[in-house]
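No lab work stands behind these numbers, since they all come straight from the coordinates. It should be emphasised that the depicted structure is a prediction, and the values quoted were computed from it without experimental measurement. Cβ: placed from backbone, ideal geometry, glycine included. Neighbour counts: every protein chain shown.
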Amino acid sequence: MNNTGLLVVDKVCKSYPLPGGGRLTAAEDVSFGVAPGGSLGIVGESGSGKTTVARMLVGLVRPDSGTVTVGGTARAARTPGRRTARLARAREIQMVFQDPYLSLDPRLTAGQCLRTALRLHGKEEALAGELLERVGLGEREARARPRQLSGGQRQRLAIARALAVDPRVLVLDEAVAALDVSIQAQILALLDEIRREAGVALVFVSHDLAVVQHITDDVLVMRRGRVVEQGPTARVLSEPSDPYTRLLLAAVPREGWDPDDAVAARSALVEATG
Amino acid sequence: MLLTIDRLTVEVPGTARPLLDEVALHIAEGEVVGLVGESGSGKSTTAKAALGLLPAGATASGSVHVAGADVLSLTGEELRRHRARTVSMVHQDPRAALNPVRRIGDFLLERGADRTRAVELLAAVGLSDPERRMRQRPHELSGGMLQRVVIAGALATPPRLLLADEATSALDVTTQAEILALLRTLRAEHGAGLLFITHDLHLAAAYCDRVYVMYAGRVVEERTAAALFADPAHPYTRGLLACSPTLGDTPRRIEPIPGKPPSLSDAFPGCPFTARCPDAQPDCSSRHPAAVTLPDGGTAACHRIPAAVPAPAERTAP
C-alpha cells in the first residue's frame with residue numbers, strides 16, 4: 001500500500017532533544033499511502049506520536065528524514081517563499097484541529113472567514129454560501145463570529161474553511177473528540193459524504209477506535225513513536241496481532257465490558273514488551 | 001437511600017427554561033448510577049445540587065437529601081461538614097483542582113489525611129513510588145496521574161457519595177479503564193455510592209448499575225444498564241445509541257439525530273425532544289409527557305410509550 005495512492009508517506013522520522021542529553025523519538029519510520037477518496041486512521045494513546053505524524057503531513061513539523069508526496073510530487077521541507085507556490089501547497093493538504101476556537105479568527109464572521117479563504121485562492125466568493133450549506137450552517141450562523149457559535153458549529157466552519165480551497169487531502173486531528181455524540185454523528189456523516197463525492201482523501205487521527213472503525217479503510221496503530229500494527233481497519237480491529245492493539249480494544253466500553261480486562265491487557269503488554 | 005433528589009427544579013433569571021425541571025433521582029449505598037446527556041442537559045447542575053451548590057442567583061424548589069440530611073437547607077458549619085465529609089466530587093480537569101505551586105502531598109494533607117495515610121492513598125490509586133509523588137508538583141505528572149491524585153484527595157476522608165463529573169473523559173481510553181476499575185474497587189471497599197456523569201451512553205451502560213438519561217433539564221429515561229442496551233424506550237435514548245459508533249464485527253450505519261441539543265434560550269411548552277424526534281406527533285409539542293413506569297420497573301417520559309401503569313395525569317390530559 002506504500003507506493004500507490006494520492007498521499008504517500010515514506011519513512012518519516014522525527015525526534016526531539018531531551019534536557020540532559022538523549023533524544024525522544026516522536027515518530028520513527030512511519031510509512032503509509034492513501035488513495036483518492038480513501039481514509040486512513042491513526043490511533044494510539046497520548047504521546048504515541050499520532051499528532052506529530054499529522055503535523056508532519058501539513059508541514060507544521062519538519063521531518064528529520066523521509067518524504068511526504070501528494071499526487072506524485074514531494075512536498076518541500078520548507079514552505080516556499082513565492083505566493084503562488086505557497087497557495088498551491090496549501091491546496092494539497094488541509095488540516096482540521098481538535099479545538100476550532102484556536103484556529104479561527106475571532107474577529108471574522110463565519111461568512112467572512114470563508115470568503116477570505118476563497119479570495120486568497122482566487123475562487124468565487126459567492127461559493128461561501130454553498131460551503132456553509134454543505135456543512136449544515138445557515139444564514140444566521142454565516143453572520144456569527146466564532147464566539148457566538150457552538151462547538152459543533154465551529155468545527156463545521158473549520159471543515160468548511162478547509163474545503164474552501166478544494167484540498168486533495170484532509171487531515172483531521174481529534175476533530176470530533178470534543179463534540180456531543182449527536183453532533184459527532186452529523187460531522188462523521190458529513191466527512192463520509194465529502195470523501196465519496198469530492199474524492200478527498202482523509203487522514204483521521206483519533207483515540208476513539210469505534211469512530212476509526214466507522215470512518216476509515218486502513219489503520220495505523222502507534223505506540224511510543226513506532227507503528228506497531230497497520231493494515232485494513234476491519235482486520236486490525238477484529239484480529240489484532242499486536243498486544244498493544246489488544247489493549248486498546250480491551251479498553252473500549254461495550255455491553256458486558258469489564259474495565260479489569262484492560263488492566264489485565266496492560267499487564268500482558270508490559271510483560272511482553274516492557 | 002443515600003441520595004434522593006425529589007422533583008428538583010432550578011431556575012436562573014434570564015433563561016427561557018429552567019436549568020433543571022422536576023428532576024428525580026436516587027442512589028442506594030454501594031450503587032453505581034450513570035447520568036447521561038449532551039451539553040446543557042443539566043447533568044452537572046444535578047450533581048452539584050448534591051453538594052448544595054446551585055448556580056449564582058438560582059431559585060430551587062423540590063428537595064435533595066443525602067444520607068438523611070436536607071442539603072438545600074444546610075448552612076455554615078453543617079454545609080462545610082457535608083461538603084468535606086459526606087460528598088466528594090471529581091471533575092473533568094484535574095489541573096483545575098490542584099494548586100500548581102503546592103506539592104501533591106500538601107493537597108492530600110489539606111483534605112485531612114495525615115502523612116502515612118496520604119502515602120497509602122497514593123499507593124491505593126495505583127501511583128508508583130508514592131513517597132516521591134508526595135514531594136512532586138502537578139506539572140511533573142501526566143493528566144492520568146493527576147486524576148488519580150484528585151481521586152485520592154476525594155477519598156482522604158472516605159465519602160458516602162462520590163460524584164464523578166466527566167472524570168475520565170479527557171483521559172486515554174486505556175487510562176479511563178484503569179481509573180474505572182479503581183473506582184469500582186474503592187466502592188466495594190467503602191460501600192460508597194457513585195454518581196457517574198458522562199456524555200457517553202455506551203460507557204455508562206457498560207459500567208453502571210442503573211442509568212438516567214437527561215435532556216433539556218429533564219430526566220427522560222431511567223433504566224437498568226442491561227435494559228438500556230437491550231430495549232431503550234425513549235426515542236432520545238434510542239437516537240443516542242444509534243448515532244454512536246460501536247466496535248463490532250458488522251459495521252452498521254450511524255444515524256445522526258437531526259438538529260442540535262437545546263440551549264437555555266429555547267423554551268418548550270411540550271416535550272423538549274419533539275423537534276428532533278422521529279416518532280413525534282402533532283400533540284407532542286403542546287404538553288409535557290409524564291414519566292411512565294415500564295414493565296421492567298424503569299421509567300420513560302414520552303407520549304408515545306404505552307404506560308404499563310398509566311399515570312393519573314396522562315388519563316385526564318386532553
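What the table below lists for this structure:
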read-out: Search result, residues across segment B:142-173 that are farther than 22 Å from B:Arg83 by Cβ and either among the small types (Gly, Ala, Ser) or touching a Pro at 6+ places or on another chain (Cβ under 7 Å) (or both); value: B:Ser142, B:Gly143, B:Gly144, B:Ser169, B:Ala170
read-out: Scope segment B:241-276; condition part of a loop (DSSP other than H, G, I, E, B) and of a type in the set (Val, Ile, Thr); matching residues; value: B:Thr246, B:Thr250, B:Ile254, B:Ile257
read-out: Condition broken by A:Asp173, with the remaining ones in (1) in contact with a strand residue (DSSP E or B) (Cβ under 7 Å, 6 or more places away or on another chain); (2) under 22 Å from B:Arg252 (Cα atoms); (3) charged (D, E, K, R) satisfied; value: (2)
read-out: Residue in segment A:209-240 that is farthest from the chain's Cα centre (by Cα), counting only those that are part of a loop (DSSP other than H, G, I, E, B) and surrounded by 22 or more Cβ atoms within 10 Å (Cβ to Cβ); value: A:Gly225
read-out: Residue count for segment A:1-52, restricted to those that are in a strand (DSSP E or B) and not charged (D, E, K, R); value: 22
read-out: Residue among B:Asp209, B:Asp266 that alone is under 16 Å from B:Gly42 (Cβ atoms), among the charged types (D, E, K, R) and in contact (Cβ under 8 Å) with a residue 40 or more places away in the chain; value: B:Asp266
read-out: Options B:Thr175, B:Thr157; residue that is surrounded by fewer than 24 Cβ atoms within 10 Å (Cβ to Cβ), in contact with a Gly (Cβ under 6 Å, 6 or more places away or on another chain) and either within 12 Å of another protein chain (Cβ to nearest Cβ) or not in a loop (DSSP other than H, G, I, E, B) (or both); value: B:Thr175
read-out: Residues of segment A:185-203 classified as more than 13 Å from chain B (Cβ to nearest Cβ) and surrounded by fewer than 22 Cβ atoms within 10 Å (Cβ to Cβ), total; value: 6
read-out: Residues (away from chain B (no Cβ under 13 Å) and part of a loop (DSSP other than H, G, I, E, B)) located in segment A:136-170; value: A:Arg143, A:Ala144, A:Arg145, A:Val165, A:Asp166, A:Pro167, A:Arg168
read-out: Answer residue from segment A:241-268, given it is surrounded by fewer than 16 Cβ atoms within 10 Å (Cβ to Cβ) and farther than 12 Å from B:Gly248 by Cα and is farthest from the other protein chains (Cβ to nearest Cβ) among those; value: A:Ser241
read-out: Those residues of segment B:264-298 which are of a type in the set (D, E, K, R) and in contact with a strand residue (DSSP E or B) (Cβ under 9 Å, 6 or more places away or on another chain), in sequence order; value: B:Asp296
read-out: Residue ranges of strands (runs of 3 or more DSSP E) in segment B:1-43 with at least 1 members under 14 Å from B:Leu54 (Cα atoms); value: B:3-11, B:20-27
read-out: Matching strands (runs of 3 or more DSSP E) fully within segment B:185-225 where at least 3 residues are more than 12 Å from chain A (Cβ to nearest Cβ) and under 12 Å from the mean Cα position of the chain (by Cα); value: B:193-198, B:210-215
read-out: Members of segment B:277-295 found to be outside any strand (DSSP E or B) and surrounded by fewer than 19 Cβ atoms within 10 Å (Cβ to Cβ), listed by number; value: B:Pro278, B:Asp279, B:Ala280, B:Gln281, B:Pro282, B:Asp283, B:Ser285, B:Ser286, B:Arg287, B:His288, B:Ala290, B:Pro295
read-out: Single match in A:Ser182, A:Ser206 (criterion: crowded, with 20+ Cβ neighbours inside 10 Å, hydroxyl-bearing (Ser, Thr, Tyr), within 14 Å of another protein chain (Cβ to nearest Cβ) and over 14 Å from the mean Cα position of the chain (by Cα)); value: A:Ser182
read-out: Members of segment B:227-262 that are surrounded by 15 or more Cβ atoms within 10 Å (Cβ to Cβ), among the aliphatic types (A, V, I, L, M) and within 12 Å of chain A (Cβ to nearest Cβ); value: B:Ala227, B:Leu228, B:Leu240, B:Leu241, B:Ala242, B:Leu247, B:Ile254, B:Ile257
read-out: Yes/no for B:Met134 being touching a Gly at 6+ places or on another chain (Cβ under 7 Å) and of a type in the set (A, V, I, L, M, F, W, C); value: yes
